[in-house]
Each structure stands twice: as C-alpha cells, then as structure tokens.
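Below: one structure, written as structure tokens.
The values are calculated or read from the model by the stated rules, or taken from the named source; none is laboratory data. No experiment lies behind these values; they were computed from the predicted model shown. As a convention, Cβ positions derive from the backbone with ideal geometry for all residues, glycine included, and neighbour counts pool all protein chains shown.
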C-alpha cells in the first residue's frame, strides 16, 4: 500500500444472494485512493459502484479481499471500531439526503458529534458554524420537511463535516437535485478538498462531477475497466468523452 | 487499531433525551400508536374486572343482592354454562385483540423507520444505541397507553358493576384480586408494547446499514 493512500482495496469481492442465485457485485477490485484526492466512481446501475462505495465507507464488508482504511483493515474491526470509523473518519452524503426527519437541521448536524461524545454546547456551536458555512445559518431550527432538496443536501454536507473527517463519501449526491443546485453541491465538495485537504470519493453518473474530479474510475460488472486522470479527460473543450456511458 | 479508536457508549440519559424528543415531534403518530395500546388494554382490563365481579357474586354477594338478582333472572343467566363459555371467549378475544393490536402497531411504527436506523448506524450509532432508543420509546408509549387503558377499563367495569349490583359492586372483588388484575393488565400491556417494538428494532440494528436503508416496507 503506497504511503499516502488513505484507502486501499485489494482483490475485493462481494457476493450477494438473490433468491437462489448468487451475484458477484464486485468481482475483484484493486484500488488505491490518495489522501486529498477527488475521486469519482462511475458506472451504470448494477455495475457495483454503490457496493464499492459502501466498502470504502465501512458500511459493508468484503466477501473476499481487504479494504484498508487509514491504515486499518475493515475486516479486522469489531463493531465499536467500525462505528468509530463511520463516525470520525468518514462523512457520508447520500442521494436521498437521509436526514433524520424528526430532528431539526441543527440536531441532524449534532448527531454524529453526540455519537462521538462531544457535549451539547460545543456540538451546537459547531453545528451552527457548519450550517452557516453551507449557507443555512438562518435555518438551523427547520426540520427536513421544511427545507428544499438542495437545502436538505446542504444540511447533509454539514452533517458529514461534523466530526471533521478525512474522507467525504458521496453516493450520487446530485442525483435528486436540479442542475444549478447540483453544481453548488459539487463546488462545495471541491472546496473542502481544496481548502481543507479532504479526500472526496463519490459514486456518480453525473458528468458535472467528473469535471471536478482528479481521477475517474470506471466500473462495469464489478470490475474496474478504466481509470482516467484529470489530464486524460478532455475538459478544456467542456466535453468529457465517456467510453462506458451511463 | 488503538483502543481509543472505539466509539463510546452513549449514557442512558442522552438516549432517553433523543427518544423523548422523537416521541414529542411525532406527536400525532405517537398518539395513534398509544391509543391502540389504550384501546386494547381498556378492553382487557374491563373484561378481567367484570369477570371477577361476576365470579364474586357467587362467593361474596349478600343474601339480599342474590335474591334480587335471582328475582330479576340475572343470577341464573350469569351462572349459566352458556354464559361462562361466552365469557371465556370474550377473555380470549380480549387477549388476542391486545396482542395483535399492540404488536402490529409497534411493528409498523418501527419498520417504517428502518431508513432512520440505517442512517444512524452510518453516522456512528451502535447497535445497542438503536435498541435502547426503541426500548425507551416503547416503554414511554407502553406505560402511558397501558395506564390510560386500565383507567378506562376499570371505570367502565365498575360503572357496569354499580348499575347491576348497586353499592355492593365495590366489595365483590377482594383487594388482592383487584391488585392481581391491575398487575396482569399492566405487565401484559407494557410487555407487549416493548416486545412489538424491540423485535423489529433489534433485527434492524443488526443489519448492515445499507441493508436497513434499502429495505422498503
């Protein structure tokens, strides 16, 4: 594993049982992700990109192979260690926002800090700062149902940043948003990478996301078929050649 | 991995605070679920008390009351084999009604929150946190719903008792039986509520978070 890799996957396979059939969602993936990198995982639905994404975040464990996250093998962690990783090292952003509906924006952002053992006063102050930063300073007291999709996703971003994780994992973060809002979300993520050196990993088939990426990994049928760095993507003309399609 | 890199277990006070807040915000839903428990328990408590009173007539009623009941044909009817079978049926239905009503209400209210459970696990919530959260929520609902139901059942049973047996209704059941019925009602109400909530919460808490979030109900 290279010294500066924050995530390192080796021979990762994941099998699912679908009724009688066994499906290999991942059929052997090797991938190193550098600290401070903006990486997009691209592929059609059913390609295994969500599965890979879940592996990286410790939401799922490989059937075979290893995923090493910040120097620690996910398969060797117990429940409380996995919870620690999900809480402190990784921040999740989902396509469907997944805010806790009964909590206000502020309480949603406080939740990971509560799990991390931060006291309420400190957590509340930091939550409001983070909401301010994503442009929702005035709306800390609103519940998800009182916010638009874009606003909910911004709350989710603030929540992902709550414990100052090294990695932000975003699963189709723009999938449920209109073009303009989606762009705002992407530039926010790119800002975290640029200003705070966060590692951004996103599963997507949104071409806007690709332009912000340092590297794009193409996944088909559970295997990596292509990797492109920023230089190899034709960004200067504003078009991105996408060999796999989505 | 160093020992310090483990998530801490939240204190009960904090879990209770989160549970209580959820119940308050979901007020209408909380009220609906609680009223299911209340209804079931009102029925159960009512049946248990009125049965007890009828049984008490044979053993403890005064001669005057017995004669009045006999004159009006009520005594015969109350002690008939047919009536006893009917009572046994009513008791069975009351028990089933409470069981199905309460467990169903709790199953639905927890399974529709699987996504929330998955989300909390993604943010670092431990399985035990999820289980405790639902334990507290269901305990609150169980205690309030059961207590209300017991009061309603008790009032109905004694109102009927007084109209049938006059003032003697109060003495037909010895204190020990009253306490036994109250305890049985209370524990079955709270027990069923907690059971109905904990079973789905426990299974969701032990799923991988992605599976919990994906499951549609």
Just to be sure, is residue A:197 over 30 Å from residue B:10 (Cβ atoms), at pLDDT 90 or above and surrounded by fewer than 17 Cβ atoms within 10 Å (Cβ to Cβ)? yes
Quick check on this structure: which one of B:102, B:9 is in contact with a helix residue (DSSP H, G or I) (Cβ under 8 Å, 6 or more places away or on another chain) and assigned to a loop (DSSP other than H, G, I, E, B)? B:9
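Can you name the residue in the range A:104-118 that is surrounded by fewer than 20 Cβ atoms within 10 Å (Cβ to Cβ) and touching a helix residue (DSSP H, G or I) at 6+ places or on another chain (Cβ under 9 Å) and is also nearest to the other protein chains (Cβ to nearest Cβ) among such residues? Step through it out loud before you land on a result.
Taking the range A:104-118 and keeping what is surrounded by fewer than 20 Cβ atoms within 10 Å (Cβ to Cβ), we get A:116-118.
Those left that are additionally touching a helix residue (DSSP H, G or I) at 6+ places or on another chain (Cβ under 9 Å): A:116, A:118.
Working: A:116: 7, A:118: 10 Å.
The extreme case among them is A:116.
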State which residue pairs qualify: first residue within 12 Å of another protein chain (Cβ to nearest Cβ) and inside the range B:102-117, second residue assigned to a helix (DSSP H, G or I) in any location, beta carbons under 7 Å apart, and separation of 6 or more residues or different chains. B:114/B:204; B:114/B:212; B:115/B:213; B:117/B:130; B:117/B:204; B:117/B:205; B:117/B:212
Anything in the range B:118-151 that is assigned to a helix (DSSP H, G or I), free of Cβ contacts under 8 Å to residues at least 60 places away in the same chain and either over 15 Å from the mean Cα position of the chain (by Cα) or within 14 Å of chain A (Cβ to nearest Cβ) (or both)? List them, or say none. B:120
Given the conditions (1) out of contact with any strand residue (DSSP E or B) (no Cβ under 6 Å at 6 or more places or on another chain); (2) facing another protein chain (nearest Cβ under 10 Å); (3) under 26 Å from residue A:187 (Cβ atoms); (4) buried (at least 23 other Cβ atoms within 10 Å of the Cβ), and given that residue A:131 satisfies all but one, which numbered condition is not satisfied? (2)
Being at negative phi, surrounded by 11 or more Cβ atoms within 10 Å (Cβ to Cβ) and at pLDDT below 80 narrows it down to one of B:75, B:69, so name that one. B:75
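May I ask you to list the residues in the range B:179-217 that are over 30 Å from residue A:86 (Cα atoms) and surrounded by fewer than 15 Cβ atoms within 10 Å (Cβ to Cβ)? Break it down into steps so the answer makes sense when it comes.
First, the residues of the range B:179-217 that are over 30 Å from residue A:86 (Cα atoms): B:179-193.
If the condition is that a residue be over 30 Å from residue A:86 (Cα atoms) and surrounded by fewer than 15 Cβ atoms within 10 Å (Cβ to Cβ), then B:179, B:180, B:183, B:184, B:187, B:191 are the ones that fit.
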Could you please give the count of residues in the range A:40-68 that are more than 10 Å from every other protein chain (Cβ to nearest Cβ) and either out of contact with any strand residue (DSSP E or B) (no Cβ under 7 Å at 6 or more places or on another chain) or surrounded by fewer than 23 Cβ atoms within 10 Å (Cβ to Cβ) (or both)? 9
Which listed residue is surrounded by fewer than 21 Cβ atoms within 10 Å (Cβ to Cβ) and either within 28 Å of residue B:30 (Cβ to Cβ) or modelled with pLDDT of 95 or more (or both), from A:75, A:139: A:139
